[in-house]
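Asks: Questions regarding the structure given below will be posed in turn.
The values are calculated or read from the model by the stated rules, or taken from the named source; none is laboratory data. A quick note: this is a predicted structure, and the numbers were derived from the prediction, not measured. Because the Cβ atoms are built from the backbone with ideal geometry, glycine has one as well, and the counts that use them run over all protein chains shown.
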Amino acid sequence: MLVRDCMTRHPIVAPPTMLAAEAQHLMHESDIRHLPVVGDGKRLLGLLDRLSFALDPGALPSLDMWEIARHLSRLSVIDVMTPAERVATISPDRSVERAARRMTEQKLSCLPVVEGGVVVGLLTKADLLNAFQVLMELPAEGVRVTMRMPDRPGEFAKLTAVLGRQAWSVMAIGAYPTPRREGFYDAVVKICGISMDEARAVLSQVQGQEVVDIRDAW
Amino acid sequence: MSTAPVLKVEDLAVAYKTRGGDVPAIRDISFEIARGETFGLVGESGCGKSTTAWAILNFLGPNGAVQHGRIQFQGQDLLGRTADELRRLRGDQIAMVYQDPMQALNPSLRVGEQMKEVLTVHRGLSNAEATRRCIAMLERVYMPDPAGILRRYPHQLSGGQQQRVVIATALLNDPALLIMDEPTTALDVTVEAAVLDLIAELRRDLDTAILLITHNLGVIARTCDRVGVMYAGELVERAAVADLFADPQHPYTQGLLRALPRLGADKADSALYPIRGRVPPPGNRPPGCLFAPRCDYTQERCRVERPALRPLPNGTCARCHFAEQIDPAAWTPRADLAPPPSQTAADGGAPILAAAGLKKYYPLPGDSLRDVLGLGQKRFVHALEDATFAVGRGTTLGVVGESGSGKSTLVKTLIGLEASSGGEATFLGFDLTDDLAGRDAALIRELQMVFQNPDATMNPAYTVGYQLARPLRRLGVVPKSQVRAEVIRLLEAVRLGEGYLDRLPRQLSGGEKQRVGIARALASRPELVLCDEPVSALDVSVQAALLNLLLDVQREFGTTLVFIAHDLSVVRYISDQVAVMYLGEIVDIGPAEAIYAPPYHPYTEALLSAIPVPDPTAPPQRIRLAGPAPSAVDPPSGCRFHTRCPRRHLLPDGGRICEADAPPWRDAGDGHRILCHIPLATLRALPPPAH
C-alpha cells in the first residue's frame, strides 16, 4: 500500500489571503485538525494545525481586550502557519510504512502529500489507522488465526499449501517477528467462509507450526 | 479524515432580472455531494438544472443573481467571494465539462497548447513537464496516440475524442469537484457508453465529487449514487438512485419514468405515457404545487398550498403533499393519454417504396496539382452503399446507426435532395433516381419530410397558419377557398387547435414546433413521410407525446413512415421494420421484434448494449466498440465493420476472412437478414444484452 492509496484526496485547503479567525472557524466547522495553506495551482505555502492559533502574548502591545481583538482581526493565515520549508511532507509514491515511520520519528500527526510542490492529498494519523484496518480487512467477517512458525525459508509456503489445498479464501495476511522470542515469526491470516473449529482442525496439523490465537473477527 | 461534504447547497434561489421584473429561475434547491460521490440532477429542459450549476460557479451572467441561500464548497462559502478568489477556486479545485465539446475547445489552437495552458499558467510548470502530464492524462482517458493528438486541432478529432480531451483538461488540476452539464448528450450512443464508463472509473480513482446534469434517466442510472429531480426550478425529489427507480415518490418522477421508451420484449409493455401539459414558464408559475396542473392526483390542497421538500419513511425526500398515499402501481392512463393500439398490419400491403442497390458517393476534391488538372484518381466518400429494402404501405421502417453511418444520406437521396450515384429506388411507380428537376408535383405531394430541428425548418417571420397553407396552395391539395379549413384540420390532427393559426414560431415550445413540422409534412396528404430524427431534440415527456401522435397519424391516414433515429428504444417503439446502418451499409434488417432479439448482428449487439438502461440494477454491459468509425472515403476491406467488431474472434483464424471477403447476407428467417461472416448458430448462442 502506497501513500496515494490511503491519503485523503482533495483535502480542504486555505488560500493565503484567508484571515486566521476565518481559518479557525473553517477548521472547527469542518471538524478537521490540519489545514494546508496553498497558493495558485495548489502549491504548498504552509500548514495550520490547532496549535497555530495559540496566541503569543509577546506579540501584543498589551493584554487589553480591544487590543487583542484588533490584533486578531488583522492576523492572516500567513502570520500563524508553519511555513512550507519547515513542514515535513511526503510523496504519494512512498510506502505507507515509510510514512508512518516519518510521522512517529518526528512526532507528526499529519503529512501533506506533495508531488512537484503541489498538494495532492493529506495523510493524517487517522488515515494511517484506517489503512491498518484495511490491511487486516477489518469490517468484513472472517476467522482470524495467528500462526507461529520458525524463521526459516519454506515455512510460510507450508502454510499457504494447506490453505490452497482447502481452497479457502484468504482476505488478509500480516506477518511480524514474534515479540520477545527470537527465531520465530507470527503470521496473522484472515480467512472467510469457514468456522473457527474448521480452521483450528486443519491449521493445527501444519508440521512445526503452532496456532497461538484464533478468533472470529469482524 | 473529515466527513464534511465537498459541496453543500442550501435553499438556493436564483432570479434573472428582466425589464418585466425579476424572474425566479430556481428556488429552494438543497443538496450535498460527498467526496467521491456522483450526484445527478435530472429534469426537462427549462427546469433550472444548468442555472443551478452556473450559480455554483457564479457564471450567472450580468442579469442573474443569487437571491438567497448558501453554497458551501469544502466548508467555505462560495457566495460573496471576490472575482479573484473565485478564479483561483475554479482553476484549482472546481472544473466544468459542457455539453458541446467543440464550444469548450478553441478551434484555432492545437489541442496541446490548450491543455498545457492549464498547467503552465495555473501551476507554473515547465513546457516539457506540462507536455508529459498532458500525455499521461490523455492516456488515462484512453486516447490512442496521445502525443499525436496534442499536435492536432480540435476539428481533426471526432466528437467522442473532443469530449475526452475536454474531460482530460478538466482533470489535469485534480479538481475536488467536477461539474458536468449534459456531457454525453451530443455524442453517439456507442461513444456515450465509453465516456460514461470513463466518468465512473475516474471518479473511483481520483475521488472527485461529480455533479452530473442530464435529461437522460438512463445516464443517471448508470453513473450516479444519488439524484435530484428538478421541475420548474424546484427540487421535487431527492433520493438514492436505486430508490428513485424502484420506488419513485413524486408524481412527476413517476411520469418521467412512464414516458421513457424501453427496450421491452414486445410493444405492449413498452407503452409510452406522456405527461400532459408543459412546464410552466418561470414568470407564470402556479401558487400551490408547481406540478399540480399536470398531476393526476391533484386535490384542492395542491392548488393553494406549496408543498415542502420533506423526508419520507423510505429515506427519500419528495415535494408532494400526498406522496405516501400515491401508489404508482395503481396508476391508469387517462383516456386522452392512452397510447394508440399497436399496429396490426406488420407487413402492410404491397411495398410502396423499394430500393435495390441504392448508392450515393460524394466526390472528394483533391488538393494536389494533378487533381486540379483532373489527372489524379477521383476519390469518393462512400456515403451509401447498396441499400436494398422495401417498405409496405402503412408501415414504418426505422433506420438506426451512429452518426456518419449514412442514415440521413439515405433519406436525402430518397427525397431528392441528393442525386443517387447508382442503383434503383421506386416509389408508387415513380423512379426516385431520375433527374430531380424533372420530378413532377404529383411525386412531391406524395413524398414529404419532417426534419430534426424544428427551429431551423420554420421561417421565424411567418405565422403557423401561413406556413401550413403554403404547401396546400403550392401543391393544389384543396381549392383556395378551403385552405383555411384544411389548415385547421391539420392543426387538429396534430393536437393543436385553431388558436395556433396566428402564432409565430417563437411563441411555440419545441414540442409544438415539431407538431407544426409534422402537420406541414402531412399537408399534401402524402403516402410517405421521411422523418429525420424528429424527436431527438425533445424532452422525454414531449417525445412520448410526439411518438404517439405519429402512430395516431399513421393509423388515421395510412401514411408510410421512414423514421431515422439514433435512439434504439425510440425506433423499437415506433417501427415495424428496422434497418441498422454502419458506414453507409445496411448490415442488419428485418422486423423490429427480430432485430431486438437474438441472433444479433455484432454491430446491433454493440449498439444495444451501449444504451444506458434506466434501471440501476441492470448488470453493466461490457461490449464496447473500440475507437471511432473508420472513414467512409476508404472503407475497410471485406466487412466494413471488421476493424471494430467485438465478435470477430469467434471465427477461425481470428476472423481473417472478415478482412478479406465481403460478408454474405444470412437469412435468419421471418425476413430478418444479417450481413456477417459469423454463422447464425454462433450468433444465436451469444448471451443477449440485458434490458
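Asks: Name the one entry in A:V145, A:V188, A:V211, A:V170 that is hydrophobic (A, V, I, L, M, F, W, C) and in contact with an Asp or Glu (Cβ under 8 Å, 6 or more places away or on another chain).
Replies: On the way: A:V188 fails: in contact with an Asp or Glu (Cβ under 8 Å, 6 or more places away or on another chain); A:V211 fails: in contact with an Asp or Glu (Cβ under 8 Å, 6 or more places away or on another chain); A:V170 fails: in contact with an Asp or Glu (Cβ under 8 Å, 6 or more places away or on another chain).
Result of the check over A:V145, A:V188, A:V211, A:V170: A:V145.
Asks: Pull up segment B:99-130, narrow it to residues that are among the β-branched types (V, I, T) and either within 14 Å of chain A (Cβ to nearest Cβ) or out of contact with any helix residue (DSSP H, G or I) (no Cβ under 9 Å at 6 or more places or on another chain) (or both), then point me to the one that is surrounded by the fewest Cβ atoms within 10 Å (Cβ to Cβ).
Replies: Residue satisfying both the conditions and the ranking: B:V121.
Asks: Give the residues of segment B:184-207 that are within 14 Å of chain A (Cβ to nearest Cβ) and either among the β-branched types (V, I, T) or outside any helix (DSSP H, G or I) (or both), sorted by residue number.
Replies: Of everything in segment B:184-207, just one residue is within 14 Å of chain A (Cβ to nearest Cβ) and either among the β-branched types (V, I, T) or outside any helix (DSSP H, G or I) (or both), namely B:D207.
Asks: Please identify the pairs in which a residue from segment B:472-500 that is closer than 25 Å to B:R439 by Cα has its Cβ atom under 6 Å from the Cβ atom of a residue that is β-branched (V, I, T) and in a helix (DSSP H, G or I), counting only partners at least 6 apart or on another chain.
Replies: Going by the 6 Å Cβ cut-off, the qualifying pairs are B:L472/B:V483.
Asks: Keeping to segment B:636-672, report how many residues are surrounded by 13 or more Cβ atoms within 10 Å (Cβ to Cβ), over 22 Å from B:A579 (Cβ atoms) and out of contact with any Leu (no Cβ under 9 Å at 6 or more places or on another chain).
Replies: 6
Asks: Condition test on A:T146, is it of a type in the set (S, T, N, Q), in contact (Cβ under 8 Å) with a residue 40 or more places away in the chain and over 30 Å from A:V37 (Cβ atoms)?
Replies: So A:T146 passes the test.
Asks: Just wondering, is there one or more residues in segment B:521-532 that are of a type in the set (K, R), modelled with pLDDT of 90 or more and over 24 Å from B:R276 (Cα atoms)?
Replies: no
Asks: Can we say B:V570 is in contact with a Pro (Cβ under 7 Å, 6 or more places away or on another chain), of a type in the set (V, I, T) and closer than 22 Å to B:G511 by Cα?
Replies: In short, yes.
Asks: What tally of residues in segment B:134-177 results from selecting those that are within 13 Å of another protein chain (Cβ to nearest Cβ) and closer than 18 Å to B:L109 by Cβ?
Replies: Here the count works out to 1.
Asks: Let me ask something additional. Of the residues that sit in segment B:289-313 and are part of a helix (DSSP H, G or I) and of a type in the set (A, V, I, L, M), which one is surrounded by the fewest Cβ atoms within 10 Å (Cβ to Cβ)?
Replies: The selected residue is B:V304.
Asks: So if I check each of B:V571, B:V529, which one is surrounded by 20 or more Cβ atoms within 10 Å (Cβ to Cβ) and touching a Ser or Thr at 6+ places or on another chain (Cβ under 8 Å)?
Replies: Numbers: B:V571 fails: touching a Ser or Thr at 6+ places or on another chain (Cβ under 8 Å).
Sole residue among the options that is surrounded by 20 or more Cβ atoms within 10 Å (Cβ to Cβ) and touching a Ser or Thr at 6+ places or on another chain (Cβ under 8 Å): B:V529.
Asks: Taking the options B:T298, B:T208, name whichever one is polar (S, T, N, Q) and either under 29 Å from B:V191 (Cβ atoms) or assigned by TED's automatic domain parsing to the domain that holds B:D567 (or both).
Replies: Result of the check over B:T298, B:T208: B:T208.
Asks: Filter segment A:39-85 for residues that are within 29 Å of the chain's Cα centre (by Cα), under 16 Å from A:Q24 (Cα atoms) and modelled with pLDDT of 90 or more and give the result.
Replies: Answer for segment A:39-85, where residues must be within 29 Å of the chain's Cα centre (by Cα), under 16 Å from A:Q24 (Cα atoms) and modelled with pLDDT of 90 or more: A:G46, A:L47, A:L48, A:D49, A:V77, A:I78, A:D79, A:V80, A:M81, A:T82.
Asks: Okay, moving on. Do the conditions hold for B:L417, that is, is it within 26 Å of the chain's Cα centre (by Cα) and assigned to a strand (DSSP E or B)?
Replies: Details: within 26 Å of the chain's Cα centre (by Cα): yes; assigned to a strand (DSSP E or B): no.
Here the answer is no, as B:L417 does not meet what is asked.
Asks: Every residue in segment B:644-691 that is part of a strand (DSSP E or B) and without any contact (Cβ under 8 Å) to a residue 60 or more places away in the chain, please. Outline the logic, then answer.
Replies: The initial filter retains those residues of segment B:644-691 that are part of a strand (DSSP E or B), namely B:665-667, B:673-675.
Answer for segment B:644-691, where residues must be part of a strand (DSSP E or B) and without any contact (Cβ under 8 Å) to a residue 60 or more places away in the chain: B:W665, B:R666, B:D667.
Asks: Within segment B:1-117, which helices (runs of 4 or more DSSP H) (wholly inside it) include 3 or more residues that are acidic (D, E)? Talk me through it step by step, then tell me what you get.
Replies: Details: elements: B:49-57, B:83-92, B:101-104.
Because the criterion is at least 3 residues that are acidic (D, E), the helices (runs of 4 or more DSSP H) in segment B:1-117 that meet it are B:83-92.
Asks: Could you grab the pairs with beta carbons closer than 6 Å, sequence gap of 6+ or different chains, first residue in segment B:367-386 and free of Cβ contacts under 8 Å to residues at least 60 places away in the same chain, second one exposed (fewer than 13 other Cβ atoms within 10 Å of the Cβ) and not in a loop (DSSP other than H, G, I, E, B)?
Replies: B:G376/B:R370
Asks: Out of A:A126, A:A175, A:A199, which single residue is outside any strand (DSSP E or B), under 29 Å from the mean Cα position of the chain (by Cα), surrounded by 12 or more Cβ atoms within 10 Å (Cβ to Cβ) and modelled with pLDDT of 90 or more? Break it down into steps so the answer makes sense when it comes.
Replies: On the way: A:A175 fails: outside any strand (DSSP E or B); A:A199 fails: under 29 Å from the mean Cα position of the chain (by Cα).
When all the criteria are applied, what remains is A:A126.
Asks: Moving on. Does B:Q74 meet the test of being touching a Pro at 6+ places or on another chain (Cβ under 8 Å), within 14 Å of chain A (Cβ to nearest Cβ) and crowded, with 20+ Cβ neighbours inside 10 Å?
Replies: Spelling it out, it is not the case that B:Q74 is touching a Pro at 6+ places or on another chain (Cβ under 8 Å), within 14 Å of chain A (Cβ to nearest Cβ) and crowded, with 20+ Cβ neighbours inside 10 Å.
Asks: Now for a separate question. Pull up segment B:359-393, narrow it to residues that are more than 26 Å from B:I674 (Cα to Cα) and of a type in the set (K, R), then point me to the one that is farthest from the chain's Cα centre (by Cα).
Replies: B:R370
Asks: Step by step: first the residues of segment B:195-207, then only those that are over 19 Å from the mean Cα position of the chain (by Cα) and charged (D, E, K, R), then the one that is surrounded by the fewest Cβ atoms within 10 Å (Cβ to Cβ). Which residue is that?
Replies: This residue is B:R204.
Asks: Being over 25 Å from A:P16 (Cβ atoms), surrounded by 15 or more Cβ atoms within 10 Å (Cβ to Cβ), at pLDDT 90 or above and not aliphatic (A, V, I, L, M): is that true of A:R102 here?
Replies: yes
Asks: Given segment A:9-122, what strands (runs of 3 or more DSSP E) lie entirely inside it while holding 2 or more residues that are away from chain B (no Cβ under 13 Å) and in contact with a Ser or Thr (Cβ under 8 Å, 6 or more places away or on another chain)? So that I can check it myself, show each step before the final result.
Replies: Values: elements: A:34-38, A:44-49, A:110-115.
In segment A:9-122, the matching strands (runs of 3 or more DSSP E) lie at A:44-49, A:110-115.
Asks: Residue by residue through segment B:208-240, note down the ones that are away from every other protein chain (no Cβ under 14 Å) and over 21 Å from the mean Cα position of the chain (by Cα).
Replies: B:D225, B:R226, B:A232, B:G233, B:E234, B:L235, B:V236, B:E237, B:R238, B:A239, B:A240
Asks: The conditions are (1) buried (at least 22 other Cβ atoms within 10 Å of the Cβ); (2) of a type in the set (G, A, S); (3) assigned to a loop (DSSP other than H, G, I, E, B), and B:A387 fails exactly one of them. Which is it?
Replies: (3)
Asks: Among (1) part of a strand (DSSP E or B); (2) over 28 Å from the mean Cα position of the chain (by Cα); (3) among the aliphatic types (A, V, I, L, M), where does B:L397 come up short?
Replies: Result: B:L397 fails condition (2) only.
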